[in-house]
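Trainee: Structure in structure tokens, see below.
Rule-based calculations on the coordinates, nothing more; no lab input. Note that the coordinates shown come from a computational prediction; the quantities given were computed from them, not determined experimentally. Note that we place each Cβ from the backbone using ideal geometry, even for glycine, and neighbour counts take in every protein chain shown.
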Amino acid sequence: MAEKILRIENLIKKYSGVTKLHDINLSVEKGEVVVILGPSGCGKSTLLRCINALEPVHGGKIFIDDDEITAKNAPLSLLRQRIGMVFQSYDLFSHLSVLDNIILAPLKVQKRNKKEVTEEALKWLERVGLGGKAHKYPRQLSGGEKQRVAIVRTLCMHPEVLLLDEITAALDPEMVHEVLNVVLDLSKDDTTMLIVTHEMRFARAIADRIVFLVEGKIEEISPPEVFFTTPKTERAKQFLESFEYEDVKKEKA
Ligand code: ADP
Ligand code: MG
């Protein structure tokens, strides 16, 4: 049986007493790429934030391997290092170079060797097409370049699971591809990922499974070939149609 790196069991999350995630059950295998789709406000970010222990939960359990993230006395700073998260806004430190942004946490938090971490950072920068940018500052980079630095910074912490929350949502269209191509490339390494995106072609290309979330409930879990051709619910059909319209608008523009 394939190894489950992440298990979410009967997860419930509320804000101000209102339930926003209803009894979520989801297991992710090592190396698997799960894409979470759903309308705005359905709880995608909340789910990722619960997995990264950025939010208290109101029911259920989340495990990374055999360690319970939601346990009362869970060592959160240690558990969080095992889960990397990249958001829409690449919050790089403006006063630090690209390289120093990347090696900061491995040195300070993980107490690793500077030479080893620097070599690793430079290798990753090369791989994501930023070989010459190590000594630049964030203000000298484009949005797409900053987001690629943010991905490298997360990878250098060696997370077991990578959470990506709409990482191209703030980028100009021409930069979206360069970032998505980096993520597609990473998926070949057996990196376990949970991805929230509104880029449907990318979702279809990268996902092993699609999770479709509506109003805090999982409506459907399907392989991408199934979800994008024969979705099980009317709600999923409508959701996909709204993107076809977006595609037509983009082509006309
Ligand atoms: P998505 O990422 O799918 O667009 P979110 O997870 O951000 O959705 O939000 C899910 C629901 O939870 C929404 O109704 C949103 O208004 C609510 N919500 C999210 N974060 C908070 C918060 N910090 N406080 C109160 N309500 C929140
Ligand atoms: Mg969100």
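Trainee: Positive end of the dipole of the chain, charges at C-beta (+1 Lys, Arg; -1 Asp, Glu), about the Cα centre: which of I69, G38, T233 has its Cα farthest in that direction?
Mentor: The one lying farthest along the dipole's positive direction is I69.
Trainee: What residues qualify as long-range amide H neighbours of M193, i.e. H under 5 Å apart, gap of 5 or more or another chain, H built at 1.01 Å from N?
Mentor: Amide H to amide H, under 5 Å and 5 or more residues apart or across chains, M193 pairs with E32, V33, V34, L162.
Trainee: For a test of the definition: using alpha carbon positions, the gyration tensor, and the 1.5 limit on a/c, classify the stretch 114-175 as rounded, prolate or oblate.
Mentor: In terms of gyration-tensor shape, oblate.
Trainee: Then there's this: Which is the longest run of the chain containing none of the trypsin sites (Lys or Arg not before Pro) found in DSSP loop states (not H, G, I, E, B) with at most 12 other C-beta atoms within 10 Å? If you can, show how the numbers build up before the last one.
Mentor: Values: sites that count: K72, K111, K188.
Free of exposed loop sites, the longest segment is 112-187.
Trainee: Taking K30 as the anchor, which aspartates and glutamates have their alpha carbon closer than 19 Å to its alpha carbon, excluding any fewer than eight residues away along the same chain?
Mentor: By straight Cα distance, K30 reaches E3, E9, D65, D66, D67, E68, E160, D185, D189, D190, D208.
Trainee: Charges on Cβ only, +1 for Lys and Arg, -1 for Asp and Glu, centred on the Cα centroid of the chain; of V128, H95, V161, which one is farthest towards the dipole's positive end?
Mentor: Positive-end residue among those listed: H95.
Trainee: With an 8 Å Cα cut-off and a minimum separation of 6 or more residues, compute the relative contact order for the chain in percent. Intermediate values should be presented prior to the final figure.
Mentor: On the way: 428 pairs, mean separation 63.8, N = 253.
Relative contact order here is 25 percent.
Trainee: Here is a further query. With 26 Å as the limit, write out which pairs from K20/K237; K188/K217; K61/K123; K44/K108; K61/K217 have Cα-Cα distances beyond it, or answer none. Numbers along the way, then the final one.
Mentor: Details: K20/K237 23 Å; K188/K217 30 Å; K61/K123 37 Å; K44/K108 31 Å; K61/K217 16 Å.
Beyond 26 Å between Cα atoms: K188/K217; K61/K123; K44/K108.
Trainee: Rounded, prolate or oblate: which fits the stretch 30-142, taking a ≥ b ≥ c as square roots of the Cα gyration tensor eigenvalues, rounded meaning a/c under 1.5, else prolate when a/b beats b/c? Could the numbers behind the result be given before it?
Mentor: Values: a/c = 2.24, a/b = 1.59, b/c = 1.41.
Since a/c reaches 1.5 and a/b is larger than b/c, the shape of the stretch 30-142 is classed as prolate.
Trainee: For V214, what residues show an amide H to amide H distance below 5 Å, using hydrogens built from the backbone and excluding near sequence neighbours?
Mentor: Answer set, sorted by chain and number: E219.
Trainee: Could you please rank Y137, Y15, Y90, placing first whichever residue has the fewest other Cβ atoms within 10 Å of its Cβ? Write down the numbers at each step before the final one.
Mentor: On the way: Y137 16, Y15 11, Y90 23.
Fewest to most other Cβ atoms nearby, the residues stand as Y15, Y137, Y90.
Trainee: Starting from the Cα of N10, step 7 Å along the direction of its Cβ; do the same at H95; then give the gap between the two resulting points in nm.
Mentor: 4.9 nm
Trainee: What does the C-alpha gyration tensor say about the overall shape of the chain? Classify as rounded when a/c is under 1.5, otherwise prolate if a/b is larger than b/c, or oblate.
Mentor: Working: a/c = 1.86, a/b = 1.21, b/c = 1.54.
Oblate, because a/c is 1.5 or more while a/b does not exceed b/c.
Trainee: Follow-up question, since we're still on this one. What are the ³J(HN,Hα) couplings of the stretch 152-165, residue after residue, when phi is run through the Karplus curve with 6.51, -1.76, 1.60 and θ = phi - 60°? Round to Hz, x for glycine and proline.
Mentor: Along the stretch 152-165, the couplings run 4, 4, 5, 5, 5, 8, 6, x, 7, 9, 10, 10, 10, 10 Hz.
Trainee: Another question, then. Let me spell out the model: positive unit charges on the Cβ of Lys and Arg, negative unit charges on the Cβ of Asp and Glu, origin at the Cα centre of the stretch 4-252. What dipole size does that give, in debye rounded to 20?
Mentor: On the way: 36 positive and 37 negative charges, 161 e Å.
Dipole size: approximately 780 debye.
Trainee: From the backbone phi of the stretch 71-82, what are the Karplus-calculated ³J(HN,Hα) couplings (6.51 cos²θ - 1.76 cosθ + 1.60, θ = phi - 60°) in whole Hz, Gly and Pro given as x?
Mentor: Couplings: 5, 3, 9, 4, x, 4, 5, 6, 5, 5, 5, 8 Hz.
Trainee: Short version: ³J(HN,Hα) in whole Hz for each residue of the stretch 34-47, in order, from phi by Karplus 6.51 cos²θ - 1.76 cosθ + 1.60 (θ = phi - 60°), x for Gly and Pro, what are they?
Mentor: Per-residue couplings from phi come out as 10, 9, 9, 10, x, x, 3, x, 7, x, 4, 5, 4, 4 Hz.
Trainee: Amide H neighbours of L6 under 5 Å, at least 5 residues apart or on other chains, H built in the peptide plane: list them.
Mentor: When sequence neighbours closer than 5 places are left aside, the close amide H contacts are V28, D65.
Trainee: Now for a different question. Given +1 on the Cβ of Lys and Arg, -1 on the Cβ of Asp and Glu, and no further charges, what dipole in debye does the stretch 14-154 carry about its Cα centre, rounded to the nearest 20? Don't jump to the answer; show the numbers that get you there.
Mentor: Numbers: 22 positive and 15 negative charges, 105 e Å.
For this selection, approximately 500 debye.
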